[in-house]
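Let me begin by presenting the structure, written as structure tokens, before commenting on it.
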Amino acid sequence: MSVLVFAEHSNSALKSATLNAVTAAVAIGGDVHVLVAGFNAKPAAEAAAKVKGVTKVLLVDDAGYEHLLAETVAPLVVKLAPAYSHVLATATTFGKNFMPRVAAVLDVAQISEIQSVVSADTFVRPIYAGNALATVQSKDAIKVITVRGTGFAAADAEGGSAAIETIEAGPSTDLSHFVGAELSKSERPELTSARIVISGGRGMQSGDNFHLLDAIADKLGAAVGASRAAVDAGFVPNDYQVGQTGKIVAPDLYIAVGISGAIQHLAGMKDSKVIVAINKDEEAPIFQVADYGIVGDLFKLIPELSAELDKVKG
Amino acid sequence: MKVLVAVKRVIDYNVKVRVKADKTGVETANVKMSMNPFDEIAVEEAIRLKEAGIATEIVAVSLGVQQCQETIRTALAMGADRGIHVLTDAELEPLAVAKLLKAVCDKEQPQLVIVGKQAIDDDCSQTGQMLAALLGWSQGTFASKVKIDGSKADVTREVDGGLETVSLKLPAVVTTDLRLNEPRYASLPNIMKAKKKPIDPTTPAELGVDVTPHLVVLKVEEPPKRQGGKKVGSIAELVDKLKNEARVI
């Protein structure tokens, strides 16, 4: 039995979600190989080789993999897959994009967003926005799986010493090409790997008011998120969205500000260790999942919180 | 250009789902069913392409039990031209759905297929990508903008870091994200008109597709409940608890 993990990376470094996927691979058992496909991706491959639990790194370095389009990535993975019992990728917009193509060509099911490994062929995955957990067993010879990062601790980034083997690129296609990207730039930690997340909802009333949350985030080293309502209202960009159809987070501390707590939002954050809710409506469903709720006007409470943090951290 | 949209009948997004006592699934008896919200966005996008003079015909396809016809009727009332219903009582996994849609595409030869990025019941997010792979087509997943230009489509995608734009050679599959458009409500006259629009019935056997599941659902359970509901009286108390009780700051 051996497991292939498709690394999500920036060519210069591994994305943290890859470390969670390695932990899932180790839980499945057998050799754990990490595939780094990219362009000038040697640093990412070297980082992968150091991850504890990884037994081999496959590096394919080619200009054709600069943007990792689904149409070019999938044939590469399909070519490698027959040597493995399991193929894993992160359940991010990256992994979700190409993995179903791999499964379809291999004529196997994809098991999406597993959050735990029961055995080598049995996995638990959330359905209905996490309101139910399904335990599913795969009958396929090759299991194609995406891993929900919040279900697995990050593997140690140090301590491994796997060999790096350079392999050839897969077939190329002209089906699609990359035009451009507008990526959010932030000095703060990534939403999905931050230890603390502070999110705003419709109650924030405007995008400008998010600077109130930014101030708290800077004090706590937190990432800033948002509910779908706040994103739909145009307060903040789509990549802030936490929820069933946005990002799934499980930080040590999640602070929900002006968020009512629709089930679709809860689906994205209810596995957080500690939840704080700040909302003026004491009937808001967010309070039912909050460890600490405080009822009141956020425009008064958030500056107070900021001042109080200065005191205790000062 | 012919556009094909796939529409799934799911438990309405407002319904609080309940797990069955025997752990075989979730309760669907006497539960309100609706079109998957992302598929509504797919139908709306197809209609806008038709209104812009780009699409010439919109075919709405649904797969599943007899009542899926209601979902197709909703799409027809919004503005789709005709329907295809693949009738089956079998539980369809995304791979089976993709194979059935491929068989429909082989017959219909659309230039563009638009589907939701995920169904809100199984949350799989697979069907569009699988269909594109089986057809050997390009794909634009999680789309927030679609621009058709002759033989290609520029699709802006919602990705974790922000937005990404790809250019696809047509034919292609597009999967919809929330901010692609806001679906319209069907007007009463259009609902009446939709009753006269044709729905062609077919079956997996007629399409020559084996829909045998690859996965066995061993059990479906409720997730552990959170013990929330505690309130604090002041920000000072909150910060104190976070620091000294929960020890997270």
Tensor-based shape of the range A:96-143 (alpha-carbon gyration tensor, a/c under 1.5 rounded, otherwise prolate or oblate): oblate
Crossing angle, helix A:298-313 versus chain A [Cα axis fit, 0-90 degrees, rounded to tens]: 70
Within straight-line cross-link reach of B:K23, lysines at Cα separation under 23 Å, skipping those fewer than 8 residues along the same chain: A:K139, A:K270, B:K32, B:K219, B:K225
Extension gain, B:D12 back to B:E51 (0.36 nm per residue minus Cα-Cα distance, nm): 11.2 nm
Principal-axis tilt of helix A:16-28 within chain A, Cα atoms, nearest 10 degrees: 60
Least to most buried among A:S16, A:S176 (fewest other Cβ within 10 Å first): A:S16, A:S176
Trypsin sites (Lys or Arg not before Pro) lying in DSSP loop within the range A:229-314, provided at most 15 other Cβ fall within 10 Å: A:K273, A:K280
Degrees, to the nearest 10: A:93-106 long Cα axis against longest axis of chain A: 30
The range A:170-229-the range A:123-163 distance, computed between alpha-carbon centres (Å): 24
Aspartates and glutamates whose Cα lies under 17 Å from that of A:K42, excluding same-chain neighbours fewer than 8 positions away: A:E8, A:D61, A:D62, A:E66, A:E158, A:E165, A:E168
Environment charge at A:V274 (Cβ cut-off 14 Å; Lys +1, Arg +1, Asp -1, Glu -1): +3
Alpha-carbon Debye profile of chain A, log10 I(q)/I(0) at 0.15 Å⁻¹: -1.16
Around A:V36: net Lys/Arg minus Asp/Glu count, Cβ-Cβ under 12 Å: -2
GluC sites (Glu not before Pro) restricted to DSSP loop in the range A:96-188 with at most 10 other C-beta within 10 Å: A:E158, A:E168, A:E187
Under 5 Å, built H, 5+ apart or other chain: amide partners of A:L59: A:V36, A:E165, A:T166, A:I167
Tensor-based shape of the protein assembly as shown (alpha-carbon gyration tensor, a/c under 1.5 rounded, otherwise prolate or oblate): oblate
Amide H contacts under 5 Å for A:V274, placed H, 5+ residues apart: A:L253, A:Y254
Efficiency of FRET between A:K79 and A:E282 - r from beta-carbon atoms, R0 45 angstrom, step 0.05: 0.20
Point-to-point label distance, B:R247-A:S119, nm (Cα→Cβ direction, 7 Å offset): 3.8
Positive dipole terminus of the protein assembly as shown, leading residue within A:L58, B:V216, A:V224 (C-beta point charges): B:V216
Neighbour cut-off at most 16 other Cβ (10 Å), DSSP loop, GluC sites (Glu not before Pro), the range A:1-105: A:E66
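Values in this text are rule-based calculations from the coordinates and carry no lab data. Keep in mind the model is a prediction, meaning the values are calculated, not measured. Don't worry about glycine lacking a Cβ; one is built from the backbone with ideal geometry, like all the others, and counts go over all protein chains shown.
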